[in-house]
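Okay, structure first, notes after.
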Amino acid sequence: MSQEVITLKLKELVLWTENPRDPVDETATDQDIVDRALTDKLSKWNLRRLAKEMGQRYDFSELPTVVFHGNKPVVYDGNRRVVLGKIKHGLVSVDGFHADILPLFPDEIPCNVCSEAIALENVWRKHAETGSWLPLDRDMFLHKHMKDKKSAFLLMEENTGIITANPKLNQRFVKDEIFREDILGKLGISFVDEKLHSKHSREETLALLDDISRKVRDKVISLF
(Lines give C-alpha, C1' and ligand atoms only; values in the text may rest on other atoms or scores of the structure.)
Protein backbone atom coordinates (compact mmCIF):
# COMPACT_ATOMS: atom_id res chain seq x y z
CA MET A 1 0.00 0.00 0.00
CA SER A 2 1.19 3.53 -0.76
CA GLN A 3 -1.38 6.12 0.32
CA GLU A 4 -5.15 6.17 -0.06
CA VAL A 5 -7.81 8.56 1.24
CA ILE A 6 -10.51 6.57 3.04
CA THR A 7 -13.38 7.89 5.15
CA LEU A 8 -13.41 6.29 8.59
CA LYS A 9 -15.69 6.58 11.60
CA LEU A 10 -14.31 8.52 14.57
CA LYS A 11 -15.44 5.80 16.95
CA GLU A 12 -13.29 3.27 15.09
CA LEU A 13 -10.08 5.34 15.07
CA VAL A 14 -7.51 4.30 17.69
CA LEU A 15 -5.13 6.85 19.22
CA TRP A 16 -1.43 6.02 18.84
CA THR A 17 0.13 5.04 22.16
CA GLU A 18 3.63 5.73 20.76
CA ASN A 19 2.89 9.29 19.74
CA PRO A 20 6.27 11.06 20.20
CA ARG A 21 4.46 14.06 21.70
CA ASP A 22 3.59 11.99 24.77
CA PRO A 23 4.21 8.23 24.48
CA VAL A 24 2.37 5.96 26.90
CA ASP A 25 2.25 2.27 27.70
CA GLU A 26 1.15 0.29 24.64
CA THR A 27 -1.75 -1.17 26.62
CA ALA A 28 -3.23 2.31 27.20
CA THR A 29 -6.76 2.91 25.95
CA ASP A 30 -8.11 5.96 24.13
CA GLN A 31 -9.57 7.07 27.46
CA ASP A 32 -6.15 6.79 29.14
CA ILE A 33 -4.59 8.94 26.42
CA VAL A 34 -7.36 11.55 26.59
CA ASP A 35 -7.04 11.73 30.38
CA ARG A 36 -3.32 12.34 29.97
CA ALA A 37 -3.90 14.92 27.22
CA LEU A 38 -6.33 16.86 29.40
CA THR A 39 -3.95 16.83 32.37
CA ASP A 40 -1.16 17.95 30.01
CA LYS A 41 1.44 18.53 32.72
CA LEU A 42 4.17 19.36 30.19
CA SER A 43 1.94 21.44 27.87
CA LYS A 44 2.40 19.04 24.97
CA TRP A 45 -1.23 18.76 23.87
CA ASN A 46 -2.75 22.25 24.24
CA LEU A 47 -6.19 21.00 23.26
CA ARG A 48 -8.05 24.19 24.10
CA ARG A 49 -5.72 26.25 21.94
CA LEU A 50 -6.11 23.78 19.08
CA ALA A 51 -9.91 23.93 19.38
CA LYS A 52 -9.74 27.71 19.06
CA GLU A 53 -7.33 27.53 16.11
CA MET A 54 -9.62 25.11 14.25
CA GLY A 55 -12.37 27.72 14.05
CA GLN A 56 -16.03 26.84 13.58
CA ARG A 57 -15.65 23.52 11.80
CA TYR A 58 -13.33 20.62 11.16
CA ASP A 59 -11.15 21.24 8.09
CA PHE A 60 -11.32 18.29 5.68
CA SER A 61 -8.05 19.39 4.07
CA GLU A 62 -6.13 18.29 7.18
CA LEU A 63 -6.13 14.52 6.98
CA PRO A 64 -5.09 12.30 9.88
CA THR A 65 -2.48 9.70 8.89
CA VAL A 66 -3.74 6.22 9.70
CA VAL A 67 -2.11 2.78 9.65
CA PHE A 68 -4.15 -0.39 9.98
CA HIS A 69 -2.80 -2.78 12.61
CA GLY A 70 -4.85 -5.81 11.61
CA ASN A 71 -8.39 -4.44 11.75
CA LYS A 72 -7.49 -1.45 13.96
CA PRO A 73 -7.03 1.94 12.26
CA VAL A 74 -4.32 3.60 14.38
CA VAL A 75 -3.83 7.38 14.10
CA TYR A 76 -0.12 8.14 13.61
CA ASP A 77 -0.59 11.84 12.87
CA GLY A 78 -3.54 14.03 13.81
CA ASN A 79 -4.12 12.55 17.26
CA ARG A 80 -5.00 15.93 18.80
CA ARG A 81 -7.73 16.58 16.25
CA VAL A 82 -9.10 13.08 16.66
CA VAL A 83 -9.13 13.55 20.45
CA LEU A 84 -11.27 16.68 20.02
CA GLY A 85 -13.62 14.76 17.73
CA LYS A 86 -13.98 11.95 20.24
CA ILE A 87 -14.75 14.49 22.97
CA LYS A 88 -17.26 16.28 20.74
CA HIS A 89 -19.16 13.06 20.07
CA GLY A 90 -18.99 11.73 23.63
CA LEU A 91 -16.76 8.80 22.68
CA VAL A 92 -14.56 9.45 25.72
CA SER A 93 -15.41 10.79 29.17
CA VAL A 94 -14.11 14.23 30.10
CA ASP A 95 -14.33 16.56 33.07
CA GLY A 96 -14.16 20.33 32.72
CA PHE A 97 -13.89 20.33 28.92
CA HIS A 98 -17.20 21.38 27.40
CA ALA A 99 -18.02 20.04 23.94
CA ASP A 100 -19.75 23.30 23.01
CA ILE A 101 -16.37 25.07 22.73
CA LEU A 102 -15.31 22.61 20.03
CA PRO A 103 -15.72 23.11 16.28
CA LEU A 104 -18.40 21.29 14.31
CA PHE A 105 -17.05 17.79 13.85
CA PRO A 106 -18.46 15.05 11.58
CA ASP A 107 -18.63 11.51 12.93
CA GLU A 108 -16.76 10.28 9.86
CA ILE A 109 -13.59 11.92 8.49
CA PRO A 110 -11.34 11.30 5.48
CA CYS A 111 -7.98 9.82 6.49
CA ASN A 112 -4.68 9.24 4.72
CA VAL A 113 -4.40 5.46 5.08
CA CYS A 114 -0.91 4.19 4.34
CA SER A 115 1.84 1.76 5.33
CA GLU A 116 3.65 2.24 8.62
CA ALA A 117 6.87 3.21 6.81
CA ILE A 118 5.14 6.05 4.97
CA ALA A 119 3.29 7.13 8.11
CA LEU A 120 6.54 7.39 10.06
CA GLU A 121 8.15 9.38 7.25
CA ASN A 122 5.16 11.75 7.28
CA VAL A 123 5.30 12.16 11.06
CA TRP A 124 9.03 12.87 10.96
CA ARG A 125 8.73 15.38 8.09
CA LYS A 126 5.89 17.30 9.74
CA HIS A 127 7.14 17.44 13.31
CA ALA A 128 10.85 16.75 13.76
CA GLU A 129 12.12 20.24 12.98
CA THR A 130 9.07 22.35 13.82
CA GLY A 131 9.71 22.66 17.53
CA SER A 132 6.68 20.59 18.52
CA TRP A 133 8.94 17.80 19.80
CA LEU A 134 11.46 18.15 22.58
CA PRO A 135 14.99 16.82 21.93
CA LEU A 136 14.38 13.65 23.94
CA ASP A 137 11.15 12.95 22.00
CA ARG A 138 13.09 13.38 18.78
CA ASP A 139 15.93 11.05 19.79
CA MET A 140 13.54 8.38 21.04
CA PHE A 141 11.63 8.51 17.74
CA LEU A 142 14.83 8.29 15.70
CA HIS A 143 16.02 5.22 17.58
CA LYS A 144 12.74 3.36 17.95
CA HIS A 145 11.12 4.06 14.60
CA MET A 146 13.96 5.07 12.26
CA LYS A 147 16.47 2.57 13.70
CA ASP A 148 19.16 5.19 14.39
CA LYS A 149 21.88 4.57 16.97
CA LYS A 150 21.00 5.84 20.43
CA SER A 151 22.38 9.30 21.05
CA ALA A 152 24.42 10.11 24.17
CA PHE A 153 21.46 12.27 25.23
CA LEU A 154 19.08 9.29 25.09
CA LEU A 155 21.60 7.00 26.78
CA MET A 156 22.03 9.52 29.58
CA GLU A 157 18.28 9.46 30.18
CA GLU A 158 18.04 5.68 30.01
CA ASN A 159 20.90 5.21 32.46
CA THR A 160 20.06 7.94 34.96
CA GLY A 161 16.55 9.32 34.36
CA ILE A 162 18.09 12.75 34.80
CA ILE A 163 16.27 14.47 31.93
CA THR A 164 12.83 13.33 33.01
CA ALA A 165 13.67 14.31 36.59
CA ASN A 166 14.95 17.72 35.44
CA PRO A 167 12.82 18.87 32.45
CA LYS A 168 14.98 22.00 32.03
CA LEU A 169 17.66 19.67 30.65
CA ASN A 170 15.40 18.69 27.74
CA GLN A 171 16.76 21.46 25.54
CA ARG A 172 18.61 21.40 22.25
CA PHE A 173 21.69 23.18 23.59
CA VAL A 174 22.01 20.66 26.45
CA LYS A 175 21.90 17.80 23.95
CA ASP A 176 24.31 19.47 21.51
CA GLU A 177 26.71 21.19 23.91
CA ILE A 178 26.71 19.25 27.19
CA PHE A 179 25.40 15.68 26.93
CA ARG A 180 27.53 14.98 23.88
CA GLU A 181 29.94 12.06 23.69
CA ASP A 182 33.14 14.12 23.42
CA ILE A 183 32.10 16.60 26.12
CA LEU A 184 31.02 13.81 28.48
CA GLY A 185 34.36 12.09 27.76
CA LYS A 186 36.19 15.17 29.04
CA LEU A 187 34.11 14.90 32.22
CA GLY A 188 35.15 11.26 32.63
CA ILE A 189 31.83 9.79 31.51
CA SER A 190 31.31 7.38 28.60
CA PHE A 191 28.89 4.71 27.40
CA VAL A 192 30.00 1.14 26.79
CA ASP A 193 27.38 -1.26 25.38
CA GLU A 194 24.82 1.46 26.17
CA LYS A 195 25.77 1.47 29.85
CA LEU A 196 27.18 4.51 31.64
CA HIS A 197 30.79 4.27 32.77
CA SER A 198 32.53 6.89 34.86
CA LYS A 199 36.08 7.37 36.14
CA HIS A 200 34.49 8.85 39.25
CA SER A 201 32.79 7.06 42.13
CA ARG A 202 29.00 6.74 41.99
CA GLU A 203 28.61 9.54 44.52
CA GLU A 204 30.95 11.84 42.59
CA THR A 205 29.21 11.10 39.31
CA LEU A 206 25.80 11.87 40.78
CA ALA A 207 27.16 15.09 42.28
CA LEU A 208 28.62 16.09 38.89
CA LEU A 209 25.33 15.48 37.09
CA ASP A 210 23.40 17.27 39.81
CA ASP A 211 25.72 20.25 39.46
CA ILE A 212 25.10 20.36 35.70
CA SER A 213 21.33 20.17 36.26
CA ARG A 214 21.41 22.95 38.80
CA LYS A 215 23.51 25.22 36.58
CA VAL A 216 21.19 24.71 33.60
CA ARG A 217 18.12 25.28 35.79
CA ASP A 218 19.59 28.47 37.26
CA LYS A 219 20.86 29.59 33.82
CA VAL A 220 24.46 29.59 34.98
CA ILE A 221 24.90 27.48 31.82
CA SER A 222 22.64 28.58 28.99
CA LEU A 223 22.40 28.97 25.24
CA PHE A 224 23.11 32.69 25.45
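The values are calculated or read from the model by the stated rules, or taken from the named source; none is laboratory data. All values reported here derive from a predicted model rather than from experimental measurement. Note: ideal-geometry Cβ built from the backbone for every residue, glycine included; neighbour counts use all protein chains shown. Surface accessibility is based on the protein's heavy atoms, side chains included, excluding ligands, DNA and RNA. Shrake-Rupley method; radii C 1.70, N 1.55, O 1.52, S 1.80 Å.
Taking a cut-off of 16 Å, what percent of all Cα-Cα pairs in the range 116-181 are separated by more than that?
Working: 971 of 2145 pairs.
Taking all Cα-Cα pairs of the range 116-181, the fraction more than 16 Å apart is 45 percent.
Each eigenvalue of the Cα gyration tensor of the range 130-224, multiplied by 5 and square-rooted, gives one semi-axis; in descending order these are 20, 18, 11 Å.
Rg/Rh for the range 22-137: what does it come to with C-alpha atoms and Rh from Kirkwood? My calculation puts Rg/Rh at 0.93.
Please identify every one of the GluC sites (Glu not before Pro) in the range 69-158 that sits in a loop by DSSP and has no more than 12 other beta carbons within 10 Å of its own beta carbon. Can you show the working numbers first?
Working: sites: Glu108, Glu116, Glu121, Glu129, Glu157, Glu158; in loops: Glu129.
Of the GluC sites (Glu not before Pro), the ones in loops of the range 69-158 whose Cβ has at most 12 other Cβ atoms within 10 Å are Glu129.
Largest mean-square fluctuation among Glu194, Glu177, Glu203, in a Gaussian network model of the chain whose springs join Cα atoms under 10 Å apart, belongs to Glu203.
Apply 1/(1 + (r/R0)^6) to the Cβ-Cβ distance of Thr27 and Val5, taking R0 = 35 Å, and write down the FRET efficiency to the nearest 0.05. Given R0 = 35 Å and the Cβ-Cβ separation, E is 0.70.
Taking 17 Å as the straight-line reach from the Cα of Lys175, the lysines in range (excluding those fewer than 8 positions away in the same chain) are Lys149, Lys150, Lys186, Lys215, Lys219. Our note on the geometry: Cα centres of the range 1-46 and the range 171-224, 33 Å apart.
Give me the extension gain from Asn71 to Ala165: residue separation times 0.36 nm, minus the current Cα-Cα distance, reported in nm with one decimal. Each step should come with its number before you reach the end.
On the way: separation 94, 0.36 × 94 = 33.84 nm, distance 3.81 nm.
Contour length minus Cα-Cα distance gives 30.0 nm.
FRET efficiency for the Leu206 to Glu121 pair, using the beta carbon distance and R₀ = 35 Å, is estimated at 0.30. Given a Förster radius of 45 Å and the C-beta distance between Lys149 and Asp107 as r, what FRET efficiency does 1/(1 + (r/R0)^6) yield to the nearest 0.05? Rounded to the nearest 0.05, the efficiency is 0.55. Of interest is the spacing of the C-alpha centroids, which for the range 100-131 and the range 49-63 amounts to 12 Å. Solvent-accessible area assigned to carbon and sulfur over the range 77-131 amounts to 47 percent, based on a 1.4 Å probe.
Per Stokes-Einstein, at 20 °C and 1.002 mPa s, what whole-number D in µm² s⁻¹ belongs to the chain, with the Kirkwood radius over Cα pairs as the hydrodynamic radius?
Numbers: Rh = 19.5 Å.
Diffusion coefficient, whole number: 110 µm²/s.
The lysines whose alpha-carbon is closer than 29 Å to the alpha-carbon of Lys11, local same-chain residues fewer than 8 away aside, are Lys41, Lys44, Lys52, Lys72, Lys86, Lys88, Lys126, Lys144. Solvent exposure of the range 39-153, expressed per residue, is 53 Å² of accessible area, with all protein chains present and a 1.4 angstrom probe.
Over its Cα atoms, what ratio of radius of gyration to 2.2 N^0.38 Å does the range 10-83 give?
Values: Rg = 12.3 Å, N = 74, 2.2 N^0.38 = 11.3 Å.
Here the answer is 1.09, to two decimals.
Within the listed set Thr65, Thr17, Thr39, the Gaussian network model of the chain (springs between alpha-carbon atoms below 10 Å) gives the highest mean-square fluctuation for Thr39. Ligands, DNA and RNA left out, the 1.4 Å accessible surface of the range 135-224 is 52% carbon and sulfur atoms.
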